[in-house]
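The values are calculated or read from the model by the stated rules, or taken from the named source; none is laboratory data. Not measured: the values here are computed from a predicted model. In this analysis, Cβ positions are derived from the backbone assuming ideal geometry, glycine residues included, and neighbour counts consider all displayed protein chains.
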Amino acid sequence: MAGNSFGQLFRLTTFGESHGKALGGVIDGCPAGITLDLEQIQSELDRRKPGQSAIVTQRKEPDTVEFYSGIFEGKTTGTPIGFAIHNTNQKSKDYSHIKDSYRPSHADYVYDKKYGFRDYRGGGRSSARETASRVVAGAIAKQLLNGIKINAYVSQVGEMTLEKDYKTLNLSKIDSNPVRCPDTEMAKKMEEYIKSIKKEGDTIGGIVSCVIQNVPIGLGEPVFDKLHATLGAAMLSINAVKGFEYGSGFEGVKMKGSQHNDAFNSDGTTATNRSGGVQGGISNGMDIYFNVAFKPVATVLQAYETINKEGEKVTTQGKGRHDPCVVPRAVPIVEAMAALVLADYTLLARSNKI
Ligand SMILES: Cc1cc2nc3c(=O)[nH]c(=O)nc-3n(C[C@H](O)[C@H](O)[C@H](O)COP(=O)(O)O)c2cc1C
């Protein structure tokens, strides 16, 4: 099974399944001499872990990361950084009902057809537990990114939209509520809504917005590895993501070029930033901002119709511990993937000119 590595110079490979012994990864290409704040890495993981509030899956996992290599006396050594997060709270029998049938819109059917065999417990490799490894690597990448600030937050749950520019938001409030929406009033409404969806045994989608500030000019490798292209690939590789837009995005098509263009100030900054901090695939020093759309996830705790391995129609009942809405836990995952891209492109940029 190919496709488990991400990045060119700062390269993460992950391993593990939802109900296996452990998940983890190897980071190859992390430069030597970075003093790592290990508590910071754990606190990023805590933002992603299950059971952290009433509106996320109630699987109880401490998600403690253990490092095996690549760090000595608190600093990176330049050698591969190996790490693992042990699974401790698997309840595999909760998944026996999907052993021989497929959850509609999950990965069960395609994994079976592609590999001829699948670990059905908790979704196996297709489970978003894999993203814990991304958060560890992203937390290390963040520590390599001197001064670059990455903040993601929930801006939409179902039809509830935070119609506010990120510049008007107090981003220090993102973690002040379980939804991770920096607008306290909207966060409360979203929280109540997610609770009502959970009560129905249903799920709901949402949007995570992300802003990256203090980005130097010159990150991005045209033509195939344009900065926004790789950010898009990074975000679309996250489980349950259905859409990515940056800068003016899909709304931009409604404008004329004369309205859409970002006029230059004499110092090279721009008066507006519809380009979203990237032009020609290269960062221009303005803020990079983008939206990531997450679907309402597949596992509903209701009776549903599906097919079994023989192709016969069956009715089954959704079971197990699941997220009614994944966006609160997706916030640190989006930040981690953004950090991995920026760390990689920071290293790549060093080869740009002599
Ligand atoms: C943080 C997070 C938590 C998730 N939790 C669940 C869950 O509890 N139940 C579920 O069916 N899908 C969940 N998913 C989504 C599935 O992993 C995903 O839908 C599945 O692998 C199929 O992939 P696709 O939706 O990208 O096509 C979660 C995704 C994320 C990002």
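On the basis of being within 16 Å of the ligand (Cβ to nearest atom), more than 18 Å from the chain's Cα centre (by Cα) and of a type in the set (A, V, I, L, M, F, W, C), does I207 make the cut?
Considered against the rule, which asks whether it is within 16 Å of the ligand (Cβ to nearest atom), more than 18 Å from the chain's Cα centre (by Cα) and of a type in the set (A, V, I, L, M, F, W, C), I207 comes out as no.
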Condition (residue is among the basic types (K, R) and assigned to a loop (DSSP other than H, G, I, E, B)) applied to the range 233-248: is it met by at least one residue? no
Output for the range 80-139, where each listed residue is near the ligand (Cβ under 9 Å from one of its atoms), in contact (Cβ under 8 Å) with a residue 24 or more places away in the chain, more than 14 Å from G20 (Cα to Cα) and in contact with a strand residue (DSSP E or B) (Cβ under 9 Å, 6 or more places away or on another chain): R103, T131
Can you tell me how many residues in the range 15-60 are among the charged types (D, E, K, R) and without any contact (Cβ under 8 Å) to a residue 12 or more places away in the chain? 1
Which pairs have Cβ atoms under 6 Å, sit 6 or more apart or on different chains, and link a residue in the range 185-208 that is within 14 Å of Q156 (Cβ to Cβ) to one that is assigned to a loop (DSSP other than H, G, I, E, B) and of a type in the set (S, T, N, Q)? A187/N177
So is I212 under 16 Å from V341 (Cα atoms) and either of a type in the set (D, E) or modelled with pLDDT of 95 or more (or both) or not? yes
Would you be able to say whether some residue in the range 280-289 is within 16 Å of the ligand (Cβ to nearest atom), assigned to a strand (DSSP E or B) and of a type in the set (F, W, Y)? no
Under 7 Å between Cβ atoms, at least 6 apart or on separate chains: pull out the pairs that start in the range 221-244 with a residue that is closer than 30 Å to G122 by Cα and β-branched (V, I, T) and end on any residue that is away from the ligand (no atom under 16 Å from the Cβ) and in a helix (DSSP H, G or I). T230/V341
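Return the only residue of E245, E305 being touching a Ser or Thr at 6+ places or on another chain (Cβ under 9 Å) and of a type outside the set (V, I, T).
So the residue among E245, E305 that is touching a Ser or Thr at 6+ places or on another chain (Cβ under 9 Å) and of a type outside the set (V, I, T) is E305.
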Only residues in the range 284-311 that are under 24 Å from D112 (Cα atoms) count as the first member; pair them with residues that are away from the ligand (no atom under 16 Å from the Cβ) and among the hydrophobic types (A, V, I, L, M, F, W, C), Cβ under 9 angstrom, at least 6 apart or cross-chain, and list the lot. E305/V314; T306/V314; I307/V314; N308/V314
What pairs can you find where one residue is in the range 253-278 and surrounded by fewer than 10 Cβ atoms within 10 Å (Cβ to Cβ), the other is charged (D, E, K, R), and their Cβ atoms are less than 8 Å apart, with a gap of 6+ or different chains? A271/D262
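Yes or no: the range 312-322 includes at least one residue that is free of Cβ contacts under 8 Å to residues at least 40 places away in the same chain, of a type in the set (D, E, K, R), closer than 26 Å to S126 by Cβ and in a strand (DSSP E or B).
yes
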